[in-house]
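To start, the structure itself, in structure tokens.
The numbers here are math on the coordinates, done by the rules we state, and not lab data. Remember, it's a predicted structure, so these values are computed and weren't measured experimentally. Cβ: placed from backbone, ideal geometry, glycine included. Neighbour counts: every protein chain shown.
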Amino acid sequence: MSTDNRIRNIVVVGGGSAGWMAAAVLATYLGRGASVRLIESEEVGIVGVGEASVPHMKTFNTEMLGIKEADFVVETQATFKLGIQFNDWGRLGDSYVHGFGKIGQGIGPLPFHQFWLKQYLAGRAAEIGAYSLQTVAAPLNRFMPSPANAPEGSPLADIAYAYHFDASLYARFLRNLSERRGVQRTEGKIVEVIQRAGDGFVEAVVMESGERIEGELFVDCSGFRGLLIEQALETGYADWTHWLPCDRAMAVPCENVGPLTPYTRATALGAGWQWRIPLQHRCGNGYVYSSQHVSDDEAAATLLANLDGKPLADPRPLRFTTGMRRKFWHKNVVAAGLAAGFLEPLESTSIYLAQSTIQRLLGLFPNKDFDPLLAERFNRESAFEWERVRDFIILHYHATERADTPFWDHCRTMSVPAPLQETMALFRSDGRYFRNGEDFFALPSWVQVMLGQRIVPHGYHPIVDEMPEHQLAEYLERTRATLANCVGAMPLHQAFIDEHCKAPPELAQAGAAPHMVKA
């Protein structure tokens with residue numbers, strides 16, 4: 001006679017985006033066989049800086065949770081995002097767009113940029129951004145998703161995009177969905193964590209009210225403090241400040257001015273960088289900076305001086321230590337969101353990393369015996385993903401010619417992790433890039449950022465010389481002209497939203513309360 005060894009009682013500690021994403025997924029896929037309970041306190045502030053995403057979010061919402069895109073966009077005051085515009089990173093005055101999706105169309109074993117390189121180095125090609133749909137469309141404020149009737153092979157048949165959204169409204173949206181799917185929410189503060197004698201597994205948490213809430217699996221979404229994963233289980237933290245020296249942020253919303261841009265803007269400043277994220281009801285802004293190079297008051301003043309519109313609140317500070325937990329899954333606790341670690345929102349990866357954690361947990365979901373091999377695999381995959389995202393963010397700081405402030409001089413001259421050093425050296429030689437396993441950022445991302453920040457290869461792949469010169473020139477010009485025609489057929493971003501997913505005024509008022517939100 002078999003014994004039922006399935007986990008039946010799951011407790012999510014902490015709300016915000018990470019907590020409610022976890023609860024929604026767990027309820028959707030385990031709800032018939034297990035109870036899911038989320039504990040959060042309205043008195044405990046939720047922190048973070050992320051209101052932008054990567055294209056994976058569309059898949060998570062629609063395929064994982066069955067959310068209709070228009071509902072999500074309306075309820076979260078969202079706009080669409082084709083990429084990130086980086087200003088003043090390589091040199092003062094530089095500007096490039098890291099766009100989602102493909103760059104041109106490769107031929108045989110070679111990616112498009114290798115063919116482009118030969119022409120570019122000879123002065124016969126435009127900047128790389130002219131050969132990607134997203135990087136052409138974004139500065140022109142053009143946007144639409146792929147139409148159903150787009151011809152196969154057309155750039156319009158594969159338009160990758162993400163969102164700008166109000167993360168507090170997203171958490172509320174997911175809470176409503178989760179509760180409809182059976183999640184029980186408990187309001188209040190946890191005052192004690194009870195661990196099982198012998199193996200130290202978390203047995204229960206005790207609320208301020210005295211209520212004892214037991215669980216078999218705990219998902220820690222308690223933010224930076226890591227109530228379970230760190231305060232109770234003491235898993236340790238890998239500090240990456242020596243590579244990513246920014247340790248603070250100021251955030252402030254402002255009124256929208258001008259058209260809604262379908263891209264995030266990241267502008268390098270004297271001691272860090274400033275984000276601009278346009279939502280339907282306001283614009284999110286923030287200054288991520290190093291406290292060793294600028295004071296909080298100076299950072300707040302700089303941020304306010306660089307807003308497009310009237311501020312809607314006072315700047316609010318956030319302190320953080322860039323890094324990750326040494327174990328994301330320890331005993332019967334899995335950490336997600338800020339409880340797992342923090343990487344600044346330069347490439348909008350906070351939401352993605354939380355979603356990836358939740359999906360990885362589903363794939364490696366344990367029984368009550370908690371096979372340690374599952375946790376080992378989970379931790380190995382999580383660490384690889386975080387470290388590769390870390391290296392991609394370090395690239396932005398290190399690949400610069402700026403030496404106009406002590407901050408940038410430090411970033412330009414600092415040592416970097418060996419895998420990143422190798423990636424840069426290979427690309428600088430002849431434009432080759434080799435994806436490292438299941439690295440989240442693929443070739444188009446690395447190529448666009450390295451080129452955008454003045455890592456220009458000295459040569460190109462030798463196979464390119466097999467293509468006759470006139471064919472190579474025609475190939476590049478045909479690609480550029482096709483993309484320009486496709487972008488010309490796209491409506492303005494604002495017009496698309498107005499027609500398909502504009503949020504009503506009352507929702508704008510409901511989402512106008514300014515605060516920093518967990519990403």
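Structural remarks
- Legend: ranking of residues Y433, Y131 from fewest to most surrounding C-beta atoms inside 10 Å; resulting order Y433, Y131.
- Between helix 112-121 and the chain: long-axis angle, C-alpha atoms, 0 to 90°, nearest 10: 40
- Only Lys, Arg (+1) and Asp, Glu (-1) charged, at Cβ; the chain dipole about Cα centre in debye: 420
- Calculated over the range 450-501: convex hull of Cα atoms, volume per residue (Å³): 140
- Helix 372-398 and the longest principal axis of the Cα set of the chain meet at an angle near 40°.
- For A238, neighbours were defined as the other residues whose beta-carbon sits under 13 Å from its Cβ, and their charges (Lys and Arg +1, Asp and Glu -1) total +1.
- Computed over Cα pairs, the Kirkwood radius of the chain leads via Stokes-Einstein (0.890 mPa s, 25 °C) to a diffusion coefficient of 102 µm² per second.
- Distance between the 7 Å Cα→Cβ label points at L312 and D297: 2.9 nm.
- The 3J(HN,Hα) values that the Karplus relation (6.51, -1.76, 1.60; θ = phi - 60°) gives for the range 271-284 are, in residue order, 9, x, 7, 10, 9, 9, 10, x, 10, 5, 9, 6, 10, x Hz. Gly and Pro appear as x.
- Dipole-positive endmost among G93, A489, T267 within the chain (Cβ charges, Cα centre): A489
- Share of pairwise Cα separations in the range 68-114, more than 15 Å, in percent: 67
- Put simply, when 399-407, 250-258 are sorted by average Cβ atoms within 10 angstrom per residue, most first, you get 250-258, 399-407.
- With respect to the chain, whose longest principal axis is taken over its alpha-carbon atoms, helix 418-430 is tilted by about 20°.
- Looking at the range 300-335, the trypsin sites (Lys or Arg not before Pro) that sit in a DSSP loop and have at most 16 other Cβ atoms within 10 Å of their own Cβ are R326.
- Ordered by the count of other Cβ atoms within 10 Å of each Cβ, fewest first, D498, D391 give D498, D391.
- Interchain or long-range residues, amide H under 5 Å from L279's placed H: G284
- Counted charge near L133, where neighbours are those whose Cβ lies closer than 13 Å (Asp, Glu -1; Lys, Arg +1): +2
- Site pair S154 and K368 shows an inter-label distance of 5.7 nm when each label is modelled 7 Å from Cα along Cα→Cβ.
- Charge sum, other residues only, whose C-beta stays under 15 Å from V25's C-beta, Lys/Arg counted +1 and Asp/Glu -1: +4
- Binned Cα-Cα distances of the range 1-134, short to long, each 5 Å bin given as a whole percent: 2, 7, 11, 13, 13, 12, 9, 9, 8, 7, 5, 3, 1, 0, 0, 0
- The distance linking the range 298-352 with the range 103-143 is 33 Å (Cα centroid to Cα centroid, whole angstrom).
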